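What follows is a single structure, written as C-alpha cells, with notes after it.
The values are calculated or read from the model by the stated rules, or taken from the named source; none is laboratory data. This is a predicted model, so every value here is computed, not measured. With ideal geometry, Cβ positions are generated from the backbone for all residues, glycine too; neighbour counts draw on all protein chains shown. Surface accessibility is based on the protein's heavy atoms, side chains included, excluding ligands, DNA and RNA. Shrake-Rupley method; radii C 1.70, N 1.55, O 1.52, S 1.80 Å.
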Amino acid sequence: MAEAKTKQKKTPQILRGMKDILPEDERYWSYISKKVADMAHTYGYGRIETPHLEPTSLFVRSIGKDTDVVEKEMYTFDDRGGESISLRPEGTASIVRAYIEHGMLNRPQPVKVYYFGPFFRYDRPQSGRYRQFNQFGFEVLGEAHPVIDAQLMMICYNFFQEIGLPISLQVNSIGSPDTREEYQKALVDYYKSRKNSLCEDCKKRMTKNPMRLLDCKEQDCQLLAQDAPQIIDFLDEESNQHFVQVLEHLDSLEIPYTLNSRLVRGLDYYSGTVFEFWPEPFTAPDTGEEEKKEEAENDKEDNDNAKPGSQSSLGGGGRYDYLVEMMGGPETPAIGFACGVERLIKEIKNRDIKVPKRHDPDIFVAQLGDQARKKCLKLFEEMRRQGFNVAESFSKDGLKSQMEQANKRRVKFTVIIGQKEIMDGTILIRDMENGIQETVDFNKLLPEMKKRLEKYGVKEINGKNNNHNQEN
Ligand code: HAM
C-alpha cells in the first residue's frame with residue numbers, strides 16, 4: 001500500500017536525451033526557421049516533408065548496415081502488422097525514396113528540396129547531442145556539376161555568417177566507390193601493425209568500416225590517423241578534376257575552407273565531395289544553471305564519451321552520386337547537407353548572439369467588471385482584426401494586476417473600460433510612458449490609437465504587419 005502511494009506520487013519525467021522547447025526559446029526557433037525558409041526561397045528550393053517513420057530497410061540500405069547510426073542508434077521496432085519500422089535518423093534516405101517514388105526524375109533537373117524537422121538517434125546524450133533533435137537540410141538531385149557543390153556550401157556558409165556565428169568549413173573528397181575500395185585496403189595495411197594501439201571500437205572498424213578509423217575521437221587513434229594514408233592520393237582522375245573545380249569555385253566565391261583529408265563522414269552513401277561546418281572554438285562564460293545541471297548529469301553518466309575537444313559539427317553533407325541508383329532508381333548524381341538546430345541554438349546562446357524577437361504588444365486592453373469584460377473581449381478581437389498588436393489578461397479582476405501585466409509586456413498604451421466608461425460610451429487611454437490618462441469616445445478609439453502609435457513609428461496598422469522583428 002505504502003509502495004503504491006509512493007509510486008503514485010512520482011511525477012512523469014522526460015525521456016533521457018529528449019528536450020522540451022519552452023516558450024522562452026521560441027524566438028530562436030522562429031528566427032532560424034524563417035531564415036532557412038527565406039534562404040530556400042532565394043535559391044529555389046521547395047519544402048518537402050517526409051514521414052518520421054520509414055521501413056527499417058530504407059535506412060539499412062542507404063546509410064549502411066555497419067555504420068554507427070544503423071548499428072547502434074536507430075529506434076527500430078515492429079509495428080502492429082509485424083513490419084520492422086524505424087524513426088528516421090536522418091533525412092537524405094527518405095528524400096531519395098520520395099524522389100524515386102514520386103517520379104521526380106521526370107521533372108526538370110535538378111530537383112532542389114529542403115526540410116526542417118525532428119530526427120531520432122539513440123545516441124549517448126551529452127551536451128549538444130540528443131536522442132530527438134532537429135535538422136534543416138538542403139538536397140539537390142539530378143545534377144553533377146561541381147558548381148552545385150560550391151553553391152551549396154556557400155548557402156550554408158552564408159547562413160552562419162548572417163547569423164554571426166564563426167565557423168570553419170572542412171572539405172574533403174572521398175572519391176568513387178572504386179577509389180574507396182583501394183584506399184580502404186591501404187588503410188587496413190597501415191593499421192595492421194598498429195592494431196594494439198587502437199581503441200576497441202576502432203579494432204572492429206578495421207574490418208567493418210575502415211574509413212571511420214580516421215575520425216575516431218580517442219586520442220591514441222587520432223595520433224595514428226595523422227600519419228595514415230590520405231584519400232586524396234588515391235582519387236581517380238574524374239573525382240580529382242571534380243574536386244579541383246569545387247575548390248576553384250569556393251576560391252572565387254572567397255569562401256575560406258580547410259582541406260581535411262581525415263574528413264570521411266559517418267554515413268555510407270557519400271562519394272566525392274564531403275564537408276562539415278565546425279564552430280570556431282569558444283569558451284563559454286557562465287551557462288545557465290539549468291543547462292549546467294543538465295550537462296553535469298549527462299557528463300556524469302557518459303564520462304567516457306564526453307571528452308574535451310571532441311568536435312561536434314554544426315552541419316555536414318556531401319555528394320551521394322550512387323544512392324538513387326542503389327535504391328532502385330536510374331543513375332542520378334546528388335548532393336546535400338543538414339544542420340543540427342539544437343547545436344546551432346546552443347552556439348547562438350553561448351556566444352550571446354542577438355536574435356530578433358517578436359515585437360512587444362503596443363496596447364493592453366484592461367477591464368473592470370463583467371460588463372466591461374464582455375465589451376473588452378469584443379474590442380480586443382476588433383483591434384486584432386484591424387492589425388493592432390494587442391495584449392490582455394481577461395481572467396484578472398483587479399486593475400492593479402492587469403496594469404502589472406501591461407507593464408510586464410511593455411506596452412505603449414493601456415485602454416481601460418470600467419463601469420463609468422460603459423455608462424458614458426467612452427474609454428480611457430493611459431500613456432504608459434508618462435502616466436497621462438485621457439477619456440475618449442469609444443467609437444473614436446481606433447483612429448485615435450492609430451494616430452498615437454504613428455508617433456511611435458508603428459506603421460501599417462490596417463495593412464497589418466507591424467508586429468515582428470525588433471532587435472533586442
Ligand atoms: P549528420 O552529420 O549525421 O548528417 O548530421 C547533420 C547534423 O545534424 C550534425 O552536424 C549535427 O549538427 C546534427 N546532429 C546529428 N546528430 C545529432 C544529435 N544526436 N543531436 C543533436 N544534433 C545532431 C546527416 O544527417 C546527413 N543526412 C546530412 C546530409 C544531407 N548529407 C547529404 N544530405
* **Residue count, the stretch 236-268 (criterion: within 16 Å of the ligand (Cβ to nearest atom), assigned to a loop (DSSP other than H, G, I, E, B) and either open to solvent by less than 70 Å² (accessible area, probe 1.4 Å) or at pLDDT 95 or above (or both))** => 6
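Somewhere in the stretch 100-122, is a residue among the aliphatic types (A, V, I, L, M), open to solvent by 30 Å² or more (accessible area, probe 1.4 Å) and in contact (Cβ under 8 Å) with a residue 40 or more places away in the chain? Give the derivation first.
At the first step, the residues of the stretch 100-122 found to be among the aliphatic types (A, V, I, L, M) are 100, 104-105, 111, 113.
In the following step, the residues that additionally are open to solvent by 30 Å² or more (accessible area, probe 1.4 Å) were identified as 100, 105.
Applying the additional criterion that residues be in contact (Cβ under 8 Å) with a residue 40 or more places away in the chain yields 100, 105.
Scanning the stretch 100-122, I find at least one residue that is among the aliphatic types (A, V, I, L, M), open to solvent by 30 Å² or more (accessible area, probe 1.4 Å) and in contact (Cβ under 8 Å) with a residue 40 or more places away in the chain, so the answer is yes.
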* **Answer residue from the stretch 40-76, given it is assigned to a strand (DSSP E or B) and in contact with a Leu (Cβ under 9 Å, 6 or more places away or on another chain) and is surrounded by the most Cβ atoms within 10 Å (Cβ to Cβ) among those** => E54
* Structure fact -> Within the stretch 343-362, residues being open to solvent by 20 Å² or more (accessible area, probe 1.4 Å) and either under 9 Å from the mean Cα position of the chain (by Cα) or closer than 26 Å to G272 by Cα (or both) number 1
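Scan the stretch 164-185 for residues that are part of a helix (DSSP H, G or I) and either charged (D, E, K, R) or at pLDDT 95 or above (or both) and report the count.
In the first step, residues of the stretch 164-185 are kept if they are part of a helix (DSSP H, G or I); the result is 177-185.
Applying the additional criterion that residues be either charged (D, E, K, R) or at pLDDT 95 or above (or both) yields 178, 180-182, 185.
Residues in the stretch 164-185 being part of a helix (DSSP H, G or I) and either charged (D, E, K, R) or at pLDDT 95 or above (or both): 5 in total.
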* Kindly provide the set of residues from the stretch 129-142 that are within 8 Å of the ligand (Cβ to nearest atom) and either without any contact (Cβ under 8 Å) to a residue 60 or more places away in the chain or open to solvent by less than 10 Å² (accessible area, probe 1.4 Å) (or both), ordered by number. => G137, F138, E139
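Of all the strands (runs of 3 or more DSSP E) wholly in the stretch 330-435, which have at least 2 residues that are closer than 25 Å to P23 by Cβ? Lay out the reasoning, then the answer.
On the way: elements: 334-340, 363-367, 390-392, 413-417, 426-431.
Strands (runs of 3 or more DSSP E) meeting the threshold: 334-340, 363-367, 390-392, 413-417.
Would you point out which residue out of A296, A225 is among the small types (G, A, S), open to solvent by less than 90 Å² (accessible area, probe 1.4 Å), assigned to a helix (DSSP H, G or I) and modelled with pLDDT under 90? It would help to see each step written out before you state the result.
Working: A225 fails: modelled with pLDDT under 90.
From the options A296, A225, the qualifying one is A296.
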